[in-house]
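The values are calculated or read from the model by the stated rules, or taken from the named source; none is laboratory data. Only a predicted model underlies this, so the values are computations on that prediction, with no experimental measurement involved. Cβ sites come from the backbone with ideal geometry, for glycine too, and all protein chains shown count toward neighbours.
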Amino acid sequence: MTRQTERIGRSGEYAVASFLSLESDTVHVLPHGSHADIIFEINDIMYKCQVKTCSKKKMCHKTHKRVNWCFDMRRGANTKLRDYKKGMVDLYAFYCLEYNTIVFKIFKDGKRTKITFKDSLMKNINSKESLYDALDKIKNGFN
């Protein structure tokens, strides 16, 4: 991973931590190499969050326009075991650098390696609603 890629990833972690600090008094960015990037507490429950940052839209091969945001859901390339296992993280925060928006999704399993969001969703997402929707799904056992 290049230094620039690491900087983009770290900036996403701080952006998500800043957003979460508006919802929680307990938000910690964890050291590099931890399973999760951020831990935070809401309603007396601690959550482990993995942040994925994207700075460029993915190009559609048919129209040659950049239309989607594609995120790799695996661990860093310097790690032997790249998939996350149950218990390592509770939810993902997919951070879009261009729009400064976050889509939160619950962790289901480590089998899925990529996720793609349409540009219109990423541009118009209500990050706060996305967070509480994901937390409700965790609370109600949808993972």
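A few remarks follow.
- Subset of segment 5-62 that is assigned to a helix (DSSP H, G or I), of a type in the set (Val, Ile, Thr) and at pLDDT below 95 - its residue that is surrounded by the most Cβ atoms within 10 Å (Cβ to Cβ): ILE8
- Scanning segment 107-126 for residues that are surrounded by fewer than 18 Cβ atoms within 10 Å (Cβ to Cβ) and either in a strand (DSSP E or B) or of a type in the set (Ser, Thr, Tyr) (or both) yields THR113, LYS114, ILE115, THR116, LYS118, SER120.
- Residues (among the β-branched types (Val, Ile, Thr), at pLDDT 95 or above and over 16 Å from VAL51 (Cα atoms)) located in segment 94-143: ILE125
- Residue match in segment 64-74 (condition: crowded, with 20+ Cβ neighbours inside 10 Å, modelled with pLDDT of 95 or more and closer than 23 Å to ALA17 by Cα): no
- Residue satisfying all of: in segment 1-54; within 21 Å of ILE115 (Cα to Cα) and charged (D, E, K, R); farthest from the chain's Cα centre (by Cα) among these: GLU6
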